[in-house]
1. Applying the selection to the range 80-115, what residues are open to solvent by 70 Å² or more (accessible area, probe 1.4 Å), assigned to a loop (DSSP other than H, G, I, E, B) and either in contact (Cβ under 8 Å) with a residue 24 or more places away in the chain or β-branched (Val, Ile, Thr) (or both)?
2. Sort out which residues of the range 46-78 are β-branched (Val, Ile, Thr) and farther than 16 Å from SER132 by Cα, and write them in order of number.
3. Residue under question is SER132, and the condition is that it be more than 19 Å from LEU46 (Cα to Cα) and part of a helix (DSSP H, G or I); does it hold?
4. Out of LYS77, LYS119, LYS124, LYS142, report the one residue that is open to solvent by 50 Å² or more (accessible area, probe 1.4 Å), under 20 Å from GLU55 (Cβ atoms) and assigned to a loop (DSSP other than H, G, I, E, B).
5. Among residues belonging to the range 150-159 that are more than 9 Å from the chain's Cα centre (by Cα) and part of a helix (DSSP H, G or I), point out the one that is farthest from THR96 (Cα to Cα).
Amino acid sequence: MKNLQNWLIAFSIIMALAVIYFSWSNASANQPVVINQTAVAPLPTLNREKVTQGEVLYAQYCASCHGVDLKGSPMWKELSPDGSLPPPPHDSTGHTWHHTDELLISIIQNGGDPSYNSKMPAFKDKLTEDESLAVLEFIKSKWGREEREFQWWITTRPE
């Protein structure tokens, strides 16, 4: 009987510690991130279904220019002979994460900026806005945490 009581006490202590740990870790995970002295809502968790859908769509519509590995053109910062910029990388080495969700979806839907002589086509006739969001979710899954936090700050900061 004494062993059973000791076992129940030990089990209760372990369970209490687990509850405290998980409560604390969830609370700290939901704390705002501070970027450039501005508090930002907690970084949202990526939607795995959207990431998977986006990976398929990216392979179909984006990989031929931006690379299967999201590395873009090796010379992406140098003008092509026609004056256009080659496709940039979409991983953490590029600048995609410097832009808001709204702008990135607009670029996917409407194509690249003609004032930069962009060759990126519009995909609004091929991808719905929701599918474009899935592509973006996949791209975000390839960024580091700092890039995701910065991009979230850019997206959510007040104008």
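The values are calculated or read from the model by the stated rules, or taken from the named source; none is laboratory data. The model shown is predicted, which means the values in this text are computed figures rather than measured ones. Here the Cβ positions follow ideal geometry from the backbone for every residue, glycine too, while neighbour counts run over all protein chains shown. Quick note on the areas: whole protein, heavy atoms, side chains included, nothing else; ligands and nucleic acids left out. Shrake-Rupley method; radii C 1.70, N 1.55, O 1.52, S 1.80 Å.
1. ASP82, LEU85, THR93
2. Step one: of the range 46-78, the residues β-branched (Val, Ile, Thr) are 51-52, 56, 68.
The one that is β-branched (Val, Ile, Thr) and farther than 16 Å from SER132 by Cα: VAL68.
3. On the way: more than 19 Å from LEU46 (Cα to Cα): no; part of a helix (DSSP H, G or I): yes.
Against the criterion (more than 19 Å from LEU46 (Cα to Cα) and part of a helix (DSSP H, G or I)), SER132 does not qualify.
4. Working: LYS77 fails: under 20 Å from GLU55 (Cβ atoms); LYS119 fails: under 20 Å from GLU55 (Cβ atoms); LYS124 fails: under 20 Å from GLU55 (Cβ atoms).
Answer to the selection: LYS142.
5. Filtering the range 150-159 for residues more than 9 Å from the chain's Cα centre (by Cα) gives 150, 153-159.
Right, trim to part of a helix (DSSP H, G or I) and you get 150, 153-156.
On the way: PHE150: 11, TRP153: 14, ILE154: 11, THR155: 12, THR156: 16 Å.
Once the filter is applied, the top-ranked residue is THR156.
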